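For reference, the structure is listed below as structure tokens.
The values are calculated or read from the model by the stated rules, or taken from the named source; none is laboratory data. Just so you know, these numbers come straight off a predicted model, no measurement behind them. Reconstructed Cβ throughout: ideal geometry from the backbone, glycine too, with neighbour counts over all protein chains shown.
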Amino acid sequence: MARNENKDVHTMIGADAIIQGNISCNDGIAVYGKIFGDITSEGPVRIAQGGEVHGNIQASDSNIGGTVTGNVRVEKRAVLGSQSNLKGDLIYRTLVIEEGAQFQGHCVLAGNESSEIIKTPEKVARDIESDQHD
């Protein structure tokens with residue numbers, strides 16, 4: 001990540017850190033380690049190469065260089081870097097996908113999302129349960 005990308009980042013999770021639980025920040029966060037939980041930030045969320053998030057992300061914007069397994073919702077710009085791997089749905093205003101990025105999920109322009117496209121874990125569980133009863 002370039003130096004100017006960290007100007008709004010006030011919290012950093014080191015490469016050797018493993019966090020189990022949700023994180024909420026008023027400012028930006030950069031993740032070099034592993035997080036098993038959701039991230040909610042009023043600022044940007046940066047996932048560095050080698051960083052992992054196993055949970056949902058909500059932020060002003062995001063730059064994903066590592067792995068995210070979960071849904072991502074940003075108010076402004078989402079960047080999927082060349083080494084990124086996103087498994088989940090993405091809601092964004094502006095989207096940049098670099099060559100080599102891996103993405104499995106739905107892309108939806110913010111304001112156009114419907115409840116059928118972006119599913120919460122609870123909704124997925126209900127759908128599976130109703131399919132089993134049919």
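Structural remarks
- Restricting segment 23-34 to residues that are small (Gly, Ala, Ser) and surrounded by 18 or more Cβ atoms within 10 Å (Cβ to Cβ) leaves a set whose member that is farthest from Ser60 (Cα to Cα) is Gly33.
- Among the residues making up segment 46-66, those that are more than 15 Å from Leu95 (Cβ to Cβ), in a strand (DSSP E or B) and without any contact (Cβ under 8 Å) to a residue 40 or more places away in the chain are Ile47, Glu52, Val53, His54, Gln58.
- Residue within segment 35-49 that is touching a strand residue (DSSP E or B) at 6+ places or on another chain (Cβ under 6 Å), among the small types (Gly, Ala, Ser) and crowded, with 21+ Cβ neighbours inside 10 Å present: yes
- Selected residue (criterion: surrounded by the fewest Cβ atoms within 10 Å (Cβ to Cβ)) from residues of segment 84-134 that are among the acidic types (Asp, Glu) and at pLDDT 95 or above: Glu99
- Pair list, Cβ under 7 Å, 6 or more apart: segment 9-26 residue closer than 11 Å to Gly43 by Cβ, other residue small (Gly, Ala, Ser): Val9/Gly28; Val9/Ala30; His10/Gly28; Cys25/Ser41; Cys25/Gly43
- Conditions (1) on the phi < 0 side of the Ramachandran plot; (2) under 12 Å from the mean Cα position of the chain (by Cα); number of the one not met by Gly37: (1)
- Filtered residues of segment 67-89 (kept if within 10 Å of the chain's Cα centre (by Cα) and assigned to a loop (DSSP other than H, G, I, E, B)): Gly70, Asn71, Gly88, Asp89
- Selection count, segment 69-116, where residues are more than 14 Å from Pro44 (Cβ to Cβ) and among the β-branched types (Val, Ile, Thr): 4
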